[in-house]
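Undergrad: Please see the structure below; I have some questions.
The values are calculated or read from the model by the stated rules, or taken from the named source; none is laboratory data. Every value quoted in this text rests on a predicted model; they were computed, and no experiment measured them. Backbone-built Cβ (ideal geometry, glycine too); neighbour counts: all protein chains shown. Quick note on the areas: whole protein, heavy atoms, side chains included, nothing else; ligands and nucleic acids left out. Shrake-Rupley method; radii C 1.70, N 1.55, O 1.52, S 1.80 Å.
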Amino acid sequence: MDTDPVRKIREFAALLARSKAALVQAEGELAGRHYTASARGGLVRAEVDHRGGLVGIHVDRAAVARSRGGELGAYIVEVVGQARREARAEYRRLIQAGVR
């Protein structure tokens, strides 16, 4: 069992350096990329940037006419969440690949 604390600190510092480099690389690769999700057959759409920031929401008039009560709000929350999950998954995938 290795108990050398200096070596462990150096290994940890190297891991942090690789993580930071992977984060910077992922940021550069994903900059400007947008992710879109939709519900109700495309009547409700949301678009987020590579960081998960909301860029836009499109709600077709037909979705408004066909929705009851809080359904429309639920669809909007659903598509924004879905688009953000896609953006985060892509970010994580690139960072994990860079850290290895």
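Undergrad: Kindly establish whether A37 is more than 20 Å from R92 (Cα to Cα), free of Cβ contacts under 8 Å to residues at least 60 places away in the same chain and of a type outside the set (K, R). Steps first, please.
TA: Details: more than 20 Å from R92 (Cα to Cα): no; free of Cβ contacts under 8 Å to residues at least 60 places away in the same chain: yes; of a type outside the set (K, R): yes.
So A37 fails the test.
Undergrad: Name the residues in the stretch 1-48 that are in a loop (DSSP other than H, G, I, E, B), open to solvent by 90 Å² or more (accessible area, probe 1.4 Å) and under 30 Å from D60 (Cα atoms), would you?
TA: Of all residues in the stretch 1-48, those in a loop (DSSP other than H, G, I, E, B) come to 1-4, 31-33, 43.
Checking the rest, the ones that are also open to solvent by 90 Å² or more (accessible area, probe 1.4 Å) come to 1, 3, 33.
Result: R33, single match.
Undergrad: Could you tell me whether E47 is closer than 27 Å to R93 by Cβ, of a type outside the set (G, A, S) and at pLDDT below 85?
TA: Details: closer than 27 Å to R93 by Cβ: yes; of a type outside the set (G, A, S): yes; at pLDDT below 85: no.
When the stated conditions are applied, E47 does not pass them.
Undergrad: Collect the residues in the stretch 51-64 that are open to solvent by 40 Å² or more (accessible area, probe 1.4 Å), under 15 Å from A37 (Cα atoms) and out of contact with any Asp or Glu (no Cβ under 9 Å at 6 or more places or on another chain), keeping them in residue-number order.
TA: Hits for the stretch 51-64 are V59, D60.
Undergrad: Kindly provide the set of residues from the stretch 65-100 that are in a helix (DSSP H, G or I), open to solvent by less than 80 Å² (accessible area, probe 1.4 Å) and either at pLDDT below 85 or among the charged types (D, E, K, R) (or both), ordered by number. Before you say what the answer is, go through the steps one by one.
TA: Within the stretch 65-100, the first condition is being in a helix (DSSP H, G or I), and the residues that meet it are 65-66, 71-99.
Adding the requirement that they be open to solvent by less than 80 Å² (accessible area, probe 1.4 Å) leaves 71-76, 79-83, 86-87, 89-91, 94-95, 97-99.
Those that are in a helix (DSSP H, G or I), open to solvent by less than 80 Å² (accessible area, probe 1.4 Å) and either at pLDDT below 85 or among the charged types (D, E, K, R) (or both): E71, E86, E90, Y91, L94, I95, A97, G98, V99.
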